[in-house]
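Chemist: Below you will find the structure I want to go over with you.
What follows draws every value from the coordinates through simple rules; no lab data is involved. Please read all numbers here as calculations on a predicted model, not as lab measurements. When we count neighbours, we look across all protein chains shown, and the Cβ atoms used for this are built from the backbone with ideal geometry, even at glycine.
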Amino acid sequence: MSQIAAPLLEVAGLVKSFVQRPSLAARLFGAPTRHVQAVNDVSFAVRRGETLGLIGESGCGKSTLGRCVLLLQSPTAGTVRFDGTDLATLDHHALRRMRKRMQMIFQDPYASLNPRRTVEEIVSLPLRIHERLSRGELRDRTATIIERVGLLPSQRDRYPHQFSGGQRQRIGIARALALRPDFVVCDEPVSALDVSIQAQIIELLRELRREFSLTYLFISHDLAVVGHLSDRIAVMYLGEIVEIADCRRLINEPRHPYTQALLAAAPRLDRSGPRAAHLGGDPPSPLAPPPGCKFHTRCPRAMPECRTIAPRPTRVAPDHHVACHLYGGAA
C-alpha cells in the first residue's frame, strides 16, 4: 500500500453518549437519568487506500463509532473530517452529496435488506437517489455491480429470502459499491456467516478494494479475520482505543495487556513460546465505568496509578501508539 501524507478520514476527540431514562416505576422512586458513553474521546486517521481494522469485544462501541464516522448517528462531541472537510459544517444537501463517497456494509445480511424489494431494486436504489440515469443506464450499472460481486444476471429479479446468507451479504456489498464510493465502513460483515463463506467474502472485499481503490474501516471482534484484511489495527475497549499499530507489528509485538489477552485467546495451531494470560471476567458496565484506566479491573499488570489516572496514548514505535501506564501514558 502506498503511503500518502494526507489521510482520507480523520477522527479527533469523538464522543458519543446515549441517555438511558429509567422506567416510570423507577422514576417514582427517584431513579436518575443516566448517560452511557459508548465512545469516549477517540482519535485516529485512515489513509487513502488502506484498511484500518477495528477490533474489540462485543459492546465496546465499535459499531457506534462506525456509524458516527458516517454521521448515521450524530456524535456528542469531536470532529470527523473526510478528505479535509469537517462533516459537521455541511448542510443537508452538501452532506447528501458527500454520502456518495461514504458507504456502509452492515453486519446482518438478513435484517439489512428490504424483503419486499428485488435484488435489482435494492442495488439500484442508491443510484436512483443520487444520480440522474436513464432507465437503460440504470439497469446496466446495476447489472454490472451485481455480477461483479458474484451473483448471476438471472438472480436480479429474486427477493432476499431466496438467497443464502453469503449471497445476501454479496447483495449488501453490491448496494454499498453501486455509487463507486471512496470509503466503506464494513461493520462485522462476516460475523453472521459460516466460516467457509467468511473466507469468500473476505477475498471478495480484498479484490474490490484493489479494483476500485477503496479505503476500508473494517470492524470485527475476530482478530483472525481482521488480520487477513487490515494494514493497521486499532484495539478498542469500553469506548476507547487502547492500541493502534501496523497489523504485523501489533500481532507480533502487542504492548497493551488487553491486546495481549485478545491474542492469547485467539485459536492457533502453534502453541509454542510464551503466552499471555487469558482474559478473565466481564467488562465493566458502560453505565458505571471504573475510574482511571477502564481495563484495570481485569488487568494482570495493573498498578496503583491505573486505578485513579486515565492513561493517554503514548508512541512506543513508529506508527504504534498505546494507552497504558506501563509505557508512561499518563493523562
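Chemist: Explain nothing, just the number: relative contact order of the range 118-187, from Cα pairs under 8 Å at least 6 residues apart, as a whole percent.
Modeler: 45 percent
Chemist: I need THR85, THR64, THR33 ordered by Cβ neighbour count within 10 Å, fewest first.
Modeler: THR33, THR85, THR64
Chemist: Computed over the Cα atoms of the range 84-170, what is the convex hull's projected area averaged over all directions, in nm²?
Modeler: With the hull built on Cα positions only, its mean projection is 7.0 nm².
Chemist: Percent relative contact order of the range 48-198, based on C-alpha pairs within less than 8 angstrom and at least six residues apart?
Modeler: Computed over the range 48-198, the figure is 31 percent.
Chemist: Once you have the alpha carbon radius of gyration of the range 198-273, what is it after dividing by 2.2 N^0.38 Å, with N set to its residue count?
Modeler: Its radius of gyration relative to the 2.2 N^0.38 Å reference: 1.18.
Chemist: Please work out whether the range 158-202 counts as rounded, prolate or oblate from its C-alpha gyration tensor, where a ≥ b ≥ c are the square roots of the eigenvalues and a/c under 1.5 means rounded, while otherwise a/b larger than b/c means prolate and anything else oblate?
Modeler: Oblate shape, in that a/c is at least 1.5 and b/c is the bigger or equal ratio.
Chemist: Dimensions of the range 171-230 along principal axes (Cα, Å, largest first)?
Modeler: 28, 21, 17
Chemist: Treating only the Cα positions of the range 178-317 as identical point scatterers, give the base-10 log of I(q)/I(0) from the Debye formula at each q in 0.10, 0.12 Å⁻¹.
Modeler: With one equal scatterer per Cα and no solvent, log10 I(q)/I(0) is -0.42, -0.59.
Chemist: Quick one: among PRO289, PRO109, PRO153, which has the greatest mean-square fluctuation in a GNM of the chain with alpha-carbon springs under 10 angstrom?
Modeler: PRO153
Chemist: Next question. With all pairs of different alpha carbon atoms counted, what Kirkwood hydrodynamic radius in Å does the chain show?
Modeler: Final number for the Kirkwood radius of the chain is 21.4 Å.
Chemist: Then there's this: Please name whichever of MET98, GLY56, THR79 sits farthest to the positive end of the charge dipole of the range 54-126, dipole taken about the Cα centre and charges placed at Cβ: Lys and Arg +1, Asp and Glu -1.
Modeler: Going by the charge dipole, the pick is MET98.
Chemist: Another question, if that's okay. At a 10 Å Cβ-Cβ cut-off, how would you order ILE145, ILE105, ILE251, fewest neighbours first?
Modeler: So the ranking, lowest neighbour count to highest, is ILE251, ILE145, ILE105.
Chemist: Quick one: work out the % antiparallel among DSSP beta bridges in the chain, nearest 5.
Modeler: Here the antiparallel bridges make up roughly 60 percent for the chain.
Chemist: Calculate the spin-label point distance for THR85 paired with HIS161, positioning each point 7 Å from the Cα along the beta-carbon direction, and give it in nanometres.
Modeler: 4.1 nm
Chemist: So, one more: Evaluate the range 103-244: find the radius of gyration of its Cα atoms, find its Kirkwood radius, and give the ratio Rg to Rh.
Modeler: 0.98
Chemist: Give the relative contact order (percent, whole number) for the chain; include only Cα pairs under 8 Å separated by 6+ residues.
Modeler: 19 percent
Chemist: Still on this structure, please answer the following. What does the charge dipole of the range 87-165 about its Cα centre add up to, to the nearest 20 debye, if the Cβ of each Lys and Arg holds +1 and the Cβ of each Asp and Glu holds -1?
Modeler: That gives a dipole near 240 debye.
Chemist: At R0 = 51 Å, how high is the FRET efficiency between ARG96 and THR33 if r is their beta carbon distance? Nearest 0.05 is fine.
Modeler: My answer for the efficiency is 0.95.
Chemist: Sticking with this one: Separation between the ALA264 and VAL195 pseudo-spin-labels, each 7 Å from Cα along Cα→Cβ, expressed in nm?
Modeler: In this crude spin-label approximation the distance works out to 2.3 nm.
Chemist: Under a GNM of the chain (C-alpha, springs under 10 Å), which listed residue has the highest mean-square fluctuation: THR142, THR51, THR259?
Modeler: In the Gaussian network model the winner is THR142.
Chemist: Be a star and scan the range 177-195 for residues whose amide nitrogen sits under 16 Å from the point 7 Å along the Cα-to-Cβ vector of GLU207.
Modeler: Under 16 Å, as judged by backbone N against the label point of GLU207, lie 177 of the range 177-195.
Chemist: Compare the Cα positions of LEU223, ILE233, SER196 along the charge dipole of the range 186-238 (+1 at Cβ of Lys, Arg; -1 at Cβ of Asp, Glu; about the Cα centre) and return the one farthest towards the positive end.
Modeler: Toward the positive end, the furthest listed residue is ILE233.
Chemist: Still on this structure: If you put +1 on each Lys and Arg Cβ and -1 on each Asp and Glu Cβ, how big is the dipole of the chain around its Cα centre, in Debye rounded to 20?
Modeler: 520 debye
Chemist: Can you tell which of GLY61, GLY165, GLY84 shows the greatest fluctuation in a Gaussian network model of the chain with Cα springs below 10 Å?
Modeler: Result for the chain, Cα springs under 10 Å: GLY84 fluctuates most.
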